[in-house]
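See structure below.
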Amino acid sequence: MKRVVVGLSGGVDSSVAAYLLQEQGYEVIGLFMKNWHDDSVTISNECPWLEDSNDALLVAEKLGIPFQTVDLSEQYKERIVDYMFNEYEKGRTPNPDVLCNREIKFDVFMKIALSLGADYVATGHYCRKGILEKDGEEVYQLLAGVDGNKDQSYFLCQLSQEQLAKSLFPIGELTKPQVREIAARMELVTAEKKDSQGLCFIGKVRLPEFLQQQLQPKEGLIFEVDADSPVYHQEQPTFASQEEELAYLSKNIAYTPELGKVVGKHQGAHYFTIGQRKGLNVGGTKEPLFIIATDVTSNTIYTGQGNNHPGLFKKALFIQQPEVHWIREDLKLKAGEKMEVMARIRYRQPLQKATLFQFEDGMYVLFEEPQSAITEGQFVSWHIGEELVGSGVIS
């Protein structure tokens, strides 16, 4: 009997994952991760950790498996929260869920599980693991979940071969309704429980208040840039090389106040992100205003009207070399090589046709169609068929 530690989160997905593993003959242990203590910034009653750990305990009791809580709040603060503050301060928008999987669930948590003699760690993610044989070695694949509506492989885009080797995803072959059905049949307390929203494990957080703990509010101006602004109608230069052209296509427009008109004030450019529409509190425009750029140095926000504003779209993005990550290391590109893939720049975005171009100092992703709101600090993932093969931080 192989031993599996399941990260029981108090939700229906991990509950059913534990049950399925038990059915498959594994020795199952349930572990609840406590990652957050500060209730002052969570919106009350929205998935407080106490209720979740209680539900996780009830599920473990029902299944008759050992259960304990591990407190990882120190590592979480260090690796996720501090990183987030850092990124926001630089004017980037981090993705805590992707990081949480790489740094906490499949690293700190996995090490605890292995120290308990576990052979594997299992989670309730909607994705699948494949195994290939290549040159006599086993190669692990991260595959999309069968439920296209719930596929969560994107959140695991930073995992390594070592982490995948020790991971199991028991519900990846199921759809959400099937998972709920199993939970109801087993009379698990989580069967009807709503999916949790918000930061990985913190629950629903009021982001501006959360950020204000570290990043002081400071008043700045909001500018609106007209869609017909000459900045969008400049002639394209001639390029000496493909790399030069890709650099041009992925570059942000350098906005200055002269390009727009003042339409309002904000409390800190670092609280806002590209493509954001809520929270600007500027009225009186024909179409809603979307953020097209933020400048944390001058504490300025630039906006444009409507979701088709030219300031929102770009055809390419760049990933700095240290932030290029291949799950399938055997497919890694060498400098000068390129690869056609499908890619996405955010969770739930339909996959887009793209080409990867690898150079010495990093990689460009060139999309067939211009993409809206490519956001620095977020992750781009690339796929071949139903397999997620790599990812990187948009720079």
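The values are calculated or read from the model by the stated rules, or taken from the named source; none is laboratory data. Since this is a predicted model, take the numbers as computed values, not measurements. Please note: Cβ atoms are built from the backbone with ideal geometry, for glycine as well, and neighbour counts cover all protein chains shown.
Tell me which residues, restricted to region 219-272, are surrounded by 14 or more Cβ atoms within 10 Å (Cβ to Cβ), assigned to a strand (DSSP E or B) and among the charged types (D, E, K, R).
E224
Can you tell me which residue is nearest to G25 (Cα to Cα) among those in region 59-73 that are assigned to a strand (DSSP E or B) and of a type outside the set (V, I, T)?
F67
Failed condition for F318, given (1) of a type in the set (F, W, Y); (2) within 30 Å of K261 (Cβ to Cβ); (3) in contact with a Lys or Arg (Cβ under 9 Å, 6 or more places away or on another chain), with all others met?
The single condition F318 does not satisfy is (2).
Limited to region 70-114, what total is found for residues that are over 17 Å from the mean Cα position of the chain (by Cα) and within 15 Å of S167 (Cα to Cα)?
7
Could you say whether any residue in region 187-206 is modelled with pLDDT of 95 or more, assigned to a loop (DSSP other than H, G, I, E, B), buried (at least 17 other Cβ atoms within 10 Å of the Cβ) and out of contact with any strand residue (DSSP E or B) (no Cβ under 9 Å at 6 or more places or on another chain)?
There is at least one residue in region 187-206 that is modelled with pLDDT of 95 or more, assigned to a loop (DSSP other than H, G, I, E, B), buried (at least 17 other Cβ atoms within 10 Å of the Cβ) and out of contact with any strand residue (DSSP E or B) (no Cβ under 9 Å at 6 or more places or on another chain).
Return only the number of the condition from (1) in contact with a Phe, Trp or Tyr (Cβ under 8 Å, 6 or more places away or on another chain); (2) surrounded by 15 or more Cβ atoms within 10 Å (Cβ to Cβ) that T175 does not satisfy.
Checking T175 against (1) in contact with a Phe, Trp or Tyr (Cβ under 8 Å, 6 or more places away or on another chain); (2) surrounded by 15 or more Cβ atoms within 10 Å (Cβ to Cβ), the one that fails is (1).
Restricting to region 372-389, give me the number of residues that are under 30 Å from I131 (Cα atoms) and aliphatic (A, V, I, L, M). Break it down into steps so the answer makes sense when it comes.
As a first pass, look at region 372-389 and keep what is under 30 Å from I131 (Cα atoms): 378-389.
Among the residues that remain, those that are also aliphatic (A, V, I, L, M) are: 380, 384, 388-389.
The qualifying residues number 4.
Looking at G145, G130, G136, G117, which is the one that is free of Cβ contacts under 8 Å to residues at least 12 places away in the same chain and not polar (S, T, N, Q)?
Exactly one of G145, G130, G136, G117 is free of Cβ contacts under 8 Å to residues at least 12 places away in the same chain and not polar (S, T, N, Q), namely G136.
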